[in-house]
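Below is one structure, written out as structure tokens; the observations come after it.
The values are calculated or read from the model by the stated rules, or taken from the named source; none is laboratory data. Being a predicted model, the structure only gives us computed values, none of them experimental. All Cβ positions, glycine included, derive from the backbone under ideal geometry; neighbour counts span all protein chains shown.
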Amino acid sequence: MDDKIVIEINGLRKSFGTQEVLKDVSLKLFNGENLVVLGKSGTGKSVLIKLIVGLLTADGGTINVFDKDVNHLNRNDLAELRKKIGFLFQSGALYDSMTVRENLEFPLRRIKKELKEKEIDDKVKEVLENVGLADAIDKMPSQLSGGMRKRISLARTLVIDPLIMLYDEPTTGLDPVTSSEISLLILEVQKKYKTSSMIITHDIECAKITANRIIMLKEGGVHQEGNLELFETSEDPLIKSFFK
């Protein structure tokens, strides 16, 4: 981790009708850092990362990713920026009609069109090896457990060599042992791929394993920010309710 800022958000606002989800969110993600964003359901955690990649449009404030203002990028420039960002959806979002191999080849063929067939094949095998599922290459998603699907989804995200990883509730729906494995895998990804990551979660064990720094959202704003020790020793009632 260093002092270089890869994402800087200032005064971010987003409403849906009369519901103000994000009121005034400001934060920074530093190069090589795992930043965990905590908060109760409905505090806008997932909305936040969808705004970062331009899946949603902010009502106000600024989002700068690699010094580019996401709110004012044209369609082509936004597409180029997204090539540098890996987004692990909560559902995994694998294509059920494709094998694991085909799921991983799909983004490579779209984004890295210069690669030859052998390079594509080697890359797919490499990322599957890195998530511990090299032997699942020709399986269908329906043949995989929830934890395996999550690993394959992560492999599909990593196959394009993203500089930033955005994890949306990476351990949701998984048993405690598998959740711990996925959290440790997020740490491995940080070390091996030198990624800067934002991890949206309400899973405290995931936060404890993965976080270099934590931000807690409350009522549309940043309630607290700091390292794990600060959160674990806090007397704040909301924070204590998470870390009890």
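When you go through Lys28, Lys14 one by one, which is the residue that is within 17 Å of Ser197 (Cα to Cα), charged (D, E, K, R) and buried (at least 16 other Cβ atoms within 10 Å of the Cβ)? The unique qualifying residue is Lys28. Buried (at least 16 other Cβ atoms within 10 Å of the Cβ) and either over 17 Å from Pro162 (Cβ atoms) or over 17 Å from the mean Cα position of the chain (by Cα) (or both): which single residue out of Ala79, Ala58 fits that description? Just one listed residue meets the conditions, Ala58. Given the conditions (1) of a type outside the set (S, T, N, Q); (2) free of Cβ contacts under 8 Å to residues at least 24 places away in the same chain; (3) over 30 Å from Val124 (Cα atoms), report the number of the one that Gly11 does not fulfil. Going through the list (1) of a type outside the set (S, T, N, Q); (2) free of Cβ contacts under 8 Å to residues at least 24 places away in the same chain; (3) over 30 Å from Val124 (Cα atoms), Gly11 breaks only (2). Selection of helices (runs of 4 or more DSSP H) fully inside region 53-139 by the criterion of at least 2 residues being of a type in the set (Val, Ile, Thr) returns 100-111, 117-130. For region 103-134, filtering for residues that are surrounded by fewer than 16 Cβ atoms within 10 Å (Cβ to Cβ) and either of a type in the set (Gly, Ala, Ser) or within 20 Å of Leu184 (Cα to Cα) (or both) leaves 4.
Of all the listed residues (Leu187, Leu163, Leu217), the sole one being farther than 30 Å from Lys244 by Cβ and either surrounded by fewer than 15 Cβ atoms within 10 Å (Cβ to Cβ) or at pLDDT 90 or above (or both) is Leu163. For region 144-153, the count of residues that are of a type in the set (Ser, Thr, Tyr), in a helix (DSSP H, G or I), under 23 Å from Leu48 (Cα atoms) and out of contact with any helix residue (DSSP H, G or I) (no Cβ under 8 Å at 6 or more places or on another chain) is nonzero. Quick check on region 154-165. Is at least one of its residues at positive phi and in contact (Cβ under 8 Å) with a residue 12 or more places away in the chain? Yes, there is a match, as at least one residue in region 154-165 is at positive phi and in contact (Cβ under 8 Å) with a residue 12 or more places away in the chain.
Considering only region 85-101, how many residues are surrounded by 15 or more Cβ atoms within 10 Å (Cβ to Cβ) and either under 22 Å from Lys45 (Cβ atoms) or without any contact (Cβ under 8 Å) to a residue 60 or more places away in the chain (or both)? Residues flagged as surrounded by 15 or more Cβ atoms within 10 Å (Cβ to Cβ) and either under 22 Å from Lys45 (Cβ atoms) or without any contact (Cβ under 8 Å) to a residue 60 or more places away in the chain (or both) within region 85-101 amount to 10. When you look at Leu230, is it surrounded by fewer than 16 Cβ atoms within 10 Å (Cβ to Cβ) and either at pLDDT below 90 or in a helix (DSSP H, G or I) (or both), yes or no? Yes: the conditions hold for Leu230. Taking the listed residues Ser97, Ser26, the one that is modelled with pLDDT under 95 and hydroxyl-bearing (Ser, Thr, Tyr) is Ser97, with no other qualifying. Residues of region 169-177 include at least one that is in a loop (DSSP other than H, G, I, E, B), of a type in the set (A, V, I, L, M), surrounded by fewer than 22 Cβ atoms within 10 Å (Cβ to Cβ) and without any contact (Cβ under 8 Å) to a residue 40 or more places away in the chain.
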